[in-house]
1. Please work out the C-alpha center-to-center distance from region 92-163 to region 192-248 and express it in whole Å.
2. So if a site counts as exposed when it's one of the trypsin sites (Lys or Arg not before Pro), its DSSP state isn't H, G, I, E or B, and it has at most 12 other Cβ atoms within 10 Å, what's the longest stretch of the chain without one?
3. Residue by residue, what Karplus-based ³J(HN,Hα) values in Hz, rounded to whole numbers, does region 291-296 have, using 6.51, -1.76 and 1.60 with θ = phi - 60° and x for Gly and Pro?
4. Could you tell me what percent of the DSSP beta bridges with both partners in region 2-231 are antiparallel, to the nearest 5?
5. Which value in nm describes the separation of the simple spin-label points at residue 41 and residue 168, placed 7 Å from the Cα toward the beta carbon?
6. Name the long-range amide H neighbours of residue 33: under 5 Å, sequence gap of 5 or more, or other chain; modelled H, no Pro or chain starts.
7. For the chain, what does -39500 (n - 2.57) per DSSP helix run (n ≥ 4), summed and divided by total residues, give at 222 nm, in deg cm²/dmol to the nearest 500?
8. Using the Cα gyration tensor of region 55-117, with a ≥ b ≥ c the square roots of its eigenvalues, what is the shape: rounded (a/c below 1.5), prolate (a/b larger than b/c) or oblate (neither)?
Amino acid sequence: MAEDIKLEIRNMTKKYKTGDGVENINLKVRKGELVTLLGPSGCGKTTILRTIAGFLKCDEGEILIDGKRIDHLPPEKRPTAMVFQNYNLWPHMTVYENLAFGLKLRKVPKQERDRQIKEILELVKMSGMEKKYPSQLSGGQQQRIAIARCLLLKPDVLLLDEPFSALDAKIRSQMREELRKLQIDLKITVVFVTHDQEEAMALSDRIVVMEKGHIVQVDTPANIYENPINKYVASFIGEMNFIELEDKTIAVRPEHVSVKSGEGNGIKGTVRAVMILGHYVEITVDSEYGIIKAYVPNESVVSYYPGESVTLSFSKFLEYPKDEKVVM
Ligand SMILES: Nc1ncnc2c1ncn2[C@@H]1O[C@H](COP(=O)(O)OP(=O)(O)O)[C@@H](O)[C@H]1O
Ligand SMILES: [Mg+2]
């Protein structure tokens, strides 16, 4: 079966005068898929999103939606809509006016406009808020309206640039869940940008890990977690212990480290700290290879105490070459 590709970026390069930017970006996003661009600040996430939306012109390469090139089109002619971290709503307009604006431009008759606005407000759990001004809404509510306004335009691809970064943790994870549900229900194709690996893991069908203007790895959250392609990805996603040997680096997730009291076969160490983190406990061990952290289930905590001699073993680990340079 042929894959149903909604968005494709081919050999795209966009460099600013300073030399910063993104280089040789290749990416295919399937119809109805939520793909997240993940990487630290400055790695080029926003640059890619802006070239898709048309706010930036690529130096090289092509951008296609449904197999047709869109990279020559101005933003308003592209079947995309973008939500930013801040400044999304027009402050002097009510919620209704903010939502109606794009529909008016498209000459949707008033009755139909009102119907669509009512429907979308229900969908984003903001019914009855038509007359409010943005300043009367919380940050989370404002982003709901911003997303609603984009959805009314029925874009082929919805672009979200760190839309929840300015919200506090609890609202952020709630918004994340709501967006995911909405995206699945409406079968929308989304390119989501975040620097927060937890957010990317929770939300995405696939994650695009970026470093310094390049794509380093593209895969499902589970595959990226299980098999990070290099040390950079391994250290960026989740918690990881690194053990430097002469010829290679060993990487072990704390949940794959088992801790046994006393001496035995394995890595010798001394418990330095025991920290209860909810349903599991983090045990920090001073080992012959440096500090190693282990996560063990909460019920076994009584058996470990600081200063105790322990032996560590690994149920699973990865190996990386000493000097690596992996860029896709
Ligand atoms: N308008 C611009 N002019 C020059 N350099 C820029 C401009 N916008 C972004 N950059 C630089 O390009 C790189 C990528 O930026 P950006 O795409 O905003 O990264 P991210 O969104 O991942 O934080 C950074 O080094 C940034 O400083
Ligand atoms: Mg950015």
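Every read-out reported here was derived from the displayed coordinates using simple, explicitly stated rules and does not represent laboratory data. Keep in mind that this is a model prediction, so the values were computed, not measured. Glycine gets a Cβ as well: all are built from the backbone with ideal geometry, and neighbour counts include every protein chain shown.
1. The distance from the Cα centre of region 92-163 to that of region 192-248 comes to 34 Å.
2. Values: sites that count: 17, 57, 106, 107, 125, 131, 187, 316, 322, 325.
Free of exposed loop sites, the longest segment is 188-315.
3. Per-residue couplings from phi come out as 6, 10, 9, 10, 9, 10 Hz.
4. Working: 19 of 37 bridges.
So the antiparallel bridges in region 2-231 amount to around 50 percent.
5. So the label points at residue 41 and residue 168 sit 2.1 nm apart.
6. Amide H neighbours of residue 33, under 5 Å, 5+ apart: 190.
7. Numbers: 8 runs with 85 residues, N = 328.
Taking each H run of at least 4 residues, the total per residue is -8000 deg cm²/dmol.
8. Working: a/c = 3.32, a/b = 1.76, b/c = 1.88.
Since a/c reaches 1.5 but b/c is at least a/b, the shape of region 55-117 is classed as oblate.
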